[in-house]
1. In the stretch 31-60, how many are more than 15 Å from the chain's Cα centre (by Cα), modelled with pLDDT of 95 or more and not aliphatic (A, V, I, L, M)?
2. Which residues, counting only those in the stretch 24-56, are among the small types (G, A, S) and within 15 Å of V13 (Cβ to Cβ)?
3. Could you look through the stretch 39-58, keep only residues that are touching a residue at least 24 places away in the same chain (Cβ under 8 Å) and farther than 13 Å from V25 by Cα, and pick out the one that is least open to solvent (accessible area, probe 1.4 Å)?
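The values are calculated or read from the model by the stated rules, or taken from the named source; none is laboratory data. Note that the structure is predicted; figures quoted are calculated from it, not measured. Here the Cβ is made from the backbone with ideal geometry for all residues, glycine too, and neighbour counts use every protein chain on show. Surface accessibility is based on the protein's heavy atoms, side chains included, excluding ligands, DNA and RNA. Shrake-Rupley method; radii C 1.70, N 1.55, O 1.52, S 1.80 Å.
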Amino acid sequence: MSPIPPPPMGAPVAADANEAIRRFVRARRGRPWTAEDRAEYARLLEIWTRAMRRTTVGAA
């Protein structure tokens, strides 16, 4: 499993986090997910969730 490096300028934006999730899922298409895969997906989803919250809070 290759780690997703953080963006160079701090916290990721939602679009970057979303793309990381898409790449991760595409790379595992057609295979059963391991416990490590599910843990990594949860980590990526948490990054996306935090980015979305920052976007939503910043837009208000």
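1. Selection size over the stretch 31-60: 4.
2. If the condition is that a residue be among the small types (G, A, S) and within 15 Å of V13 (Cβ to Cβ), then A51 is the only one that fits.
3. Result: A51.
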